[in-house]
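*Asks:* Below you'll find the structure I mean.
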Amino acid sequence: MRDVAAAAASTGPRVLPRNDPRQYDDLAGEWWRPDGAFAMLHWLAEARAALVPPASRPDALLVDLGCGAGLLAPHLAGKGYRHVGVDLTRSALVQAAGHGVRVIQADVTAVPLADGCADVVSAGELLEHVPAWPRAVAEACRLLRPGGLLVLDTLNDTALARLVAVRIAERLPTVPRGIHDPRLFVDARALVAECARHGVELRLRGIRPQVGGLVTWLLRRARAARTPGAASPTGRAPRIVPTRSTAVLYQGRGVRNG
Ligand SMILES: C[S@@+](CC[C@H](N)C(=O)[O-])C[C@H]1O[C@@H](n2cnc3c(N)ncnc32)[C@H](O)[C@@H]1O
């Protein structure tokens, strides 16, 4: 991997370094397109929200670190949380606010919220974008009240993850080209250790898109691409399912010690 891999954002005219946050501005129109460049984030948001139980008290707070355009919001509907999103990217936060998220523009390594304010902290597809990810983990744990829940998903720091999530996925419409810098992928054991240091015993499980659903989705999307002007394809999005290995994509769930 070159030091700064010049990689074009899939739809933007600029050529930006890998993991450059300006890619999210260039792709701002993609967030809420169900079959767009961020489609897989929708599938992952649904799977992440499934880890979040209904709020156990009135006025419960869920802090969504790296909330992007708020894709988690529809999946939290009816669970009873105030949903606060923290992100660096203004163009994404504007969209998140439009979906009912109370937004804060800030770095997840220095969140301007009080210790122990959150019943749930979510960090979906975030840590692999943060060079100082242990600081983001420390912040996530600091924000949790005792008994509060941390949920996250990220990419493992393995050769298989680099192959699948960068070399293969970036050739498919599931992952925008250049969005990941594989040097930032998050070693699963180091993540568990870091959470433990901050009072959260994180349990991990591997996840992946369900293969049949993914193939159907890719075919449907390819057919639509061959028919310019056709209406956007519709159909069930691929489901994210558990898998035995955490070597590529994994979820974490853990409760903050009292
Ligand atoms: C892959 S997107 C995931 C967005 C959202 N969690 C989701 O799953 O739809 C990563 C998000 O993290 C944000 N991000 C990356 N580094 C960040 C940082 N240090 N502080 C705050 N936000 C950051 C980006 O702006 C982007 O919106």
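*Asks:* If you count only protein heavy atoms with a 1.4 Å probe, what accessible area per residue comes out for the chain, rounded to a whole Å²?
*Replies:* 46 Å²
*Asks:* I would also like to ask the following. Take the alpha-carbon centre of segment 190-228, take the same for segment 47-76, and report the distance between them in whole Å.
*Replies:* Taking the Cα centre of each part, segment 190-228 and segment 47-76 sit 18 Å apart.
*Asks:* A further question on this structure: When DSSP assigns beta bridges and you keep just the ones with both residues in the chain, what percent turn out antiparallel, to the nearest 5?
*Replies:* If we restrict to bridges inside the chain, about 50 percent are antiparallel.
*Asks:* ³J(HN,Hα) across segment 164-170 via Karplus (A = 6.51, B = -1.76, C = 1.60, θ = phi - 60°), whole Hz, x for Gly/Pro?
*Replies:* Taking θ as phi minus 60°, the curve returns 6, 7, 10, 5, 8, 4, 6 Hz for segment 164-170.
*Asks:* Once phi is turned into θ = phi - 60°, what whole-Hz ³J(HN,Hα) does the Karplus curve with 6.51, -1.76 and 1.60 give for every residue of segment 145-158, x standing for Gly and Pro?
*Replies:* Here the 3J(HN,Hα) series is 6, x, x, x, 10, 9, 10, 7, 9, 7, 10, 7, 8, 10 Hz.
*Asks:* Consider a paramagnetic label point 7 Å from the Cα of Arg239 along Cα→Cβ; state which residues of segment 27-59 have an amide N under 16 Å from it.
*Replies:* Those under the cut-off are 43-51.
*Asks:* Counting only protein heavy atoms and using a 1.4 Å probe, what share of the accessible area of segment 132-258 belongs to carbon plus sulfur, as a whole percent? List each step's numbers first, then the result.
*Replies:* Working: 3600 of 6520 Å².
After summing per-atom areas, the C and S share lands at 55 percent.
*Asks:* In whole Hz, what ³J(HN,Hα) sequence does segment 28-45 give by Karplus (6.51, -1.76, 1.60; θ = phi - 60°), x for Gly and Pro?
*Replies:* Couplings: 4, x, 8, 3, 9, 7, x, 10, x, 5, 9, 3, 5, 5, 5, 5, 5, 5 Hz.
*Asks:* Something else about it: Helix 211-225 against the longest principal axis of the chain: what's the angle in degrees, Cα atoms only, rounded to the nearest 10?
*Replies:* Tilt of helix 211-225: around 50 degrees.
The values are calculated or read from the model by the stated rules, or taken from the named source; none is laboratory data. Since the structure is predicted, the reported quantities are computational estimates derived from the model, not experimental observations. No Cβ is skipped: glycine too gets one built from the backbone with ideal geometry, and neighbour counts run over all protein chains shown. Just so you know, the surface numbers come from the protein's heavy atoms only, side chains and all, with ligands and any DNA or RNA stripped out. Shrake-Rupley method; radii C 1.70, N 1.55, O 1.52, S 1.80 Å.
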